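The values are calculated or read from the model by the stated rules, or taken from the named source; none is laboratory data. Predicted model only: the values in this text are computed from it and were never measured. We place every Cβ from the backbone using ideal geometry, glycine too, and count neighbours over all the protein chains shown.
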Amino acid sequence: MGRPLTLAAPGLDGQPVDVGAERGRVRIVDFWATWCEPCRDALPALDALARDLGPRGLSVYGVSIDADRGQIARFLEQHPVAFPVLWDKDAVLVGRFDVTTMPATLIVDRGGVIRHVHQGWEKGRAALERREVEALLAEP
């Protein structure tokens, strides 16, 4: 927390996406996997944030650590989301952010600084993350 976000990974289409380079928008970066039940539980809340707050300046990115890109694509066909999903094939990126529990969610301000970090998923987390994002969206 408090450090600049540096994160680039390929999308499921193989094209590079530099999440850290995006400026002027609040960002959520969520590390997850298809085999992680709490991660699957969190996806609808992240999808709602992307849909509800995207027009106000929020970008949401999922970063899957699944080993098989095809498995991610099949999962998303059955459970579509309104945000891009990137692929951390060898779980290199997740290690850079000291993730010990999944899902792990980074909330980043408009200037690119990580302001909130959450690990795991529990009741009430969706409301907390929404409040944190709305507070960052209200900042100049």
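State all residues of region 96-140 that are surrounded by 14 or more Cβ atoms within 10 Å (Cβ to Cβ), of a type outside the set (F, W, Y), out of contact with any strand residue (DSSP E or B) (no Cβ under 7 Å at 6 or more places or on another chain) and touching a residue at least 24 places away in the same chain (Cβ under 8 Å); if no residue qualifies, say none.
Residues satisfying the conditions are G120, A126, R130, E134.
Just for region 15-35: of the residues that are of a type in the set (K, R) and modelled with pLDDT of 95 or more, which one is surrounded by the most Cβ atoms within 10 Å (Cβ to Cβ)? Working first, answer last.
Kept after step one, since they are of a type in the set (K, R), are these residues of region 15-35: 23, 25, 27.
Now restrict to residues that are modelled with pLDDT of 95 or more: 25, 27.
Numbers: R25: 16, R27: 24.
Per the stated criteria, the residue is R27.
Right, P55: without any contact (Cβ under 8 Å) to a residue 40 or more places away in the chain, surrounded by fewer than 14 Cβ atoms within 10 Å (Cβ to Cβ) and either under 14 Å from the mean Cα position of the chain (by Cα) or under 20 Å from P103 (Cβ atoms) (or both) or not?
Working: without any contact (Cβ under 8 Å) to a residue 40 or more places away in the chain: yes; surrounded by fewer than 14 Cβ atoms within 10 Å (Cβ to Cβ): yes; either under 14 Å from the mean Cα position of the chain (by Cα) or under 20 Å from P103 (Cβ atoms) (or both): no.
In short, no.
When you go through F83, F75 one by one, which is the residue that is assigned to a loop (DSSP other than H, G, I, E, B), surrounded by 15 or more Cβ atoms within 10 Å (Cβ to Cβ), modelled with pLDDT of 95 or more and among the aromatic types (F, W, Y)?
Details: F75 fails: assigned to a loop (DSSP other than H, G, I, E, B).
Just one listed residue meets the conditions, F83.
Could you count how many residues in region 90-113 are part of a loop (DSSP other than H, G, I, E, B) and farther than 26 Å from G57 by Cβ? Quick ask: steps written out before the conclusion?
Here is the first cut: in region 90-113, the residues part of a loop (DSSP other than H, G, I, E, B) are 90-91, 97-103, 109-112.
Then drop every residue that is not farther than 26 Å from G57 by Cβ, which leaves 90-91, 98, 100-102.
So the count comes out to 6.
Looking at region 86-95 only, could you name the residues that are buried (at least 17 other Cβ atoms within 10 Å of the Cβ) and of a type in the set (V, I, T)? Full working, then the answer.
Of all residues in region 86-95, those buried (at least 17 other Cβ atoms within 10 Å of the Cβ) come to 86-88, 93-94.
Once the filter is applied, which keeps residues that are buried (at least 17 other Cβ atoms within 10 Å of the Cβ) and of a type in the set (V, I, T), region 86-95 yields only V94.
Just checking: which of the strands (runs of 3 or more DSSP E) contained wholly in region 1-66 hold 1 or more residues that are under 14 Å from A104 (Cβ atoms)? Write out each step before concluding.
Numbers: elements: 8-10, 16-18, 26-32, 58-64.
So the answer is 26-32, 58-64.
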